[in-house]
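Notes to accompany the following structure.
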Amino acid sequence: METASAHNGTRFYVMAVTPTRLYSFTGIGSLDAIFTSYVDCTVHFMELPGEIPNSELHFFIQQRRAVHFAWLSGAGIYHGDLTFGAQHCSPNGDENFVENKALLDYSKFSEGGEGVKPTSLAISELLLIGNKVKVVNRISEQIVEELYFDQTSDAVSRGIIGLCSDALTGLFYTYDQNSIFQVSVNDEGRDMWKMYLDLKEYAAALASCRDALQRDQVYLVQAEAAFVAKEFLRAASFYAKMNYVSSFEEISLKFISIGEQSSPGLEGCCCFCLLM
C-alpha cells in the first residue's frame, strides 16, 4: 500500500496477489470506503495462466516509496513501474498507476530452457534456484550473476526457504528454518547505462553513468545520430559536452567535410568533454 496527497484528501494505492491474479485498488478516503466502492465498479486485475504455490509480490523502494514491482506468478515474473499522481486519473477518479509492464519467462533463467519455477524472488531480481541465487537484470532480462551455496552446509541440506530484501540498506537475505544469510551481490547495476543506451533511452543512460568516460559514450551516440540526421547544430551541442572520446580536430574536420565550418557549440572549445 502507498498513499499520496490529493486536493480532496489522501489517495490510497493497494496491490494484492493470489496464485493467478494481481489486483490493484485505488481511491480517496478511508480504506473501508475504497474497498466498498468496488462493489459497484470494475476491479482491475491481471490474470495469468498456471499456478504457483509460492506466489509472491515484491517492491523496489527508493526514498521510502515503491517505484517498481515484481510478481512471482505461474507464467513468469510479471513486473513494471509504479507511478503515483493525478496525471494518471481518469474522469471518474479511477487511476492506473502501473506502467511499462512486462513478463519474464522462467525459461530464460533455467539450463536447457526447462522453465523451472523459482521458489522465491527479491528485487532487484534475485531468484533462488535450488542451491543458486541468480541475479537477473529486469531491463535486459539477462542473468548478470550467479551465486552458489556451499553444498556441504547444513542450511542447503535442510533447504533454503526464500529471499527477502531490506529496502533501507539495499541488502538481500536468504533464510531457512533456523538461520538468515546475507547475500552479497557484486554491483549488478554496473552496466545499466549500456542497456539504456542500446534502448536509446538517453536520459536514463546518462543518469546511470558512473564516470565522465561513460557519459562521453552516451553523448557520442547522440551526436552521431543527430549528425546522420543532418541536425548539425544539435550534433555540435552533444560533441561539445564530450571530454575524452574524440578530439577537437577530429570533430572539426567532420563538420568541415560537409561544409558546416561554423557550427555553434564548437567555436572556442579546446577539448570535448529466484529460489528454484
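Quick notes on this one:
- FRET efficiency estimate (nearest 0.05) - Cβ-Cβ, Ser5 to Leu213, R0 51 angstrom: 0.75
- Hull volume per residue, based on the alpha-carbon atoms of the range 172-231 and their convex hull, is 85 Å³.
- Extension gain for Ile61-Ser257 works out to 65.5 nm (0.36 nm per residue, less the C-alpha to C-alpha distance).
- Rg(Cα) / (2.2 N^0.38 Å) computed for the range 196-260, rounded to two decimals: 1.10
- Computed from label points 7 Å out along Cα-Cβ, the spacing between Arg190 and Tyr148 is 2.0 nm.
- Value of relative contact order over the range 1-93, rounded to a whole percent, pairs C-alpha under 8 Å and six or more apart: 22
- Between the beta carbons of Ala167 and Tyr202, assuming R0 = 30 Å, the FRET efficiency works out to 0.55 to the nearest 0.05.
- Fully extended contour minus Cα-Cα distance, from Asn243 to Ser179, at 0.36 nm per residue: 18.0 nm
- A simple rule links phi to the HN-Hα coupling: the Karplus curve 6.51 cos²θ - 1.76 cosθ + 1.60 with θ = phi - 60°, which for the range 15-30 gives 10, 8, 10, 10, x, 10, 9, 10, 9, 10, 10, 8, x, 10, x, 8 Hz, with x for Gly and Pro.
Here, each number is a calculation from the coordinates, and none is a lab measurement. Keep in mind that what you see is a predicted model, and the values were worked out from it rather than measured. Virtual Cβ from ideal backbone geometry, glycine too; neighbours counted across all protein chains shown.
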